[in-house]
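Here the structure is laid out as structure tokens; the discussion comes afterwards.
Every number in this text was worked out from the coordinates using simple rules, so none of it is lab data. Everything quoted here is computed from the prediction, not taken from an experiment. Counting neighbours? That spans all protein chains shown, and the Cβs are built from the backbone with ideal geometry, glycine included.
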Amino acid sequence: AASSETRSIKAMDALSAHRITSGQVVIDLQTAVKELVENSLDAGATSIEVRFKDHGLDSIEVIDNGTGIASADYDVVALKHHTSKLSSFEDLSSVTTFGFRGEALASLCALSGSVTIATATASTAPVGTILELDRLGRVSSRNGKLARQKGTTVTISGIFKPLPVRRKEFERNAKREFGKALNLLNAYALVPCSHENGGVRLVVSNQLNGQVHVHGSAHSRRSVQLRTDGCTSLSASISTLWGPKTLENLVELDLAFEVETEKSVLRRQNAGTTETYATVVVRGMISKFTLNCGRSTSDRQFLFINGRPCSLTKVQKAFNEIYRTFNAAQAPFVAANFTLPNGSHDINVSPDKRTIFIHSEDNLVQTLKVKAKR
Ligand code: ADP
Ligand code: MG
């Protein structure tokens, strides 16, 4: 009797399954951009250009001058769980990059109309190779050549087209989504300043569909949204991005404190070593407490761990609370980099990698509050 019944639970086909899990890695325009820019930084780029077409609806292109991709890696570059940044789970506590799961390119392939990579390494430049990838991240063509200096260009066209509902949503909210992506890119424009190794040049532009006619010939309108020359200090970057007026309203933030780490607690229990604390350094700028700078929004709050933008909800809340005790009317501008020593935090991240959970976050927030009261 059992054999005459048809089974109702069936295995999903590989592409559908891949598309669904990818939708959790790249949830919106902002996460797509974050993944691509992180890849460029991980590749040691000192210059990154982000080109949107039609607010990203048409395409998103990230051009860098990083190491490029070696030809031996072409076939696996966009395969799920293939990464050059981590080879075993144990490495997780020591990685310094935020790319380590090998999911971003694979997910973007599954979620886009098309993904193309143009890349050249120091040994192939000035000749670059064009890789066309299919939905499963496999290389469908590697025959294209172009003139290219060392570095990589990733072009994502028709993002979310394979997910019609999400695509519709993106089309409806394209300008707002673009605004969020720009705000994230502002954070990256501040990054170099929290790094010792100087500045990354960042240029962000958007080209609107439809052409303008100049002297009888058609030109598309590409407008620069953001440009930094790789400033060497945080204050210089803030001034470049928002003008010297903004800078006048800020004071420097410079804190160092000890937090107990879970790892050190374990170590103490096991081996009885004295090393139970880790030093956390917080550097950046925050609105003057007494000042009415007329803004009360959270869109100018930028937090970094070891120079990488991330959202730390509890820490952000703590900054707002501390600030409110001085100035009830508004939330502050904050740009703060947390330098955490290796092993004091694990990079436990939400699937979209926007929220980072640190072992000692509660501890850190408490210490921050106590420090601020002094
Ligand atoms: P992950 O960053 O987690 O390793 P990704 O899917 O983002 O995974 O990228 C896969 C691999 O492709 C990376 O590990 C890296 O080797 C290579 N890669 C991606 N983008 C770039 C780039 N802009 N420059 C050089 N290599 C890149
Ligand atoms: Mg990555």
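Here are some notes:
- Per-pair calculated FRET efficiency, R0 = 22 Å: Asp134 and Asp13 via Cβ, rounded to 0.05: 0.90
- Note on Thr339/Gln24: beta-carbon distance plugged into 1/(1 + (r/R0)^6) with R0 of 45 Å gives a FRET efficiency of 0.90.
- Highest-first packing order for the peptide set 165-177, 108-120 is 108-120, 165-177, based on the mean count of other beta carbon atoms within 10 Å.
- Sorting Tyr74, Tyr188, Tyr323 from the fewest to the most surrounding beta carbons within 10 angstrom yields Tyr74, Tyr323, Tyr188.
- Residue-span extension gain [Asp229 to Lys180] - 0.36 nm each, minus C-alpha spacing: 15.4 nm
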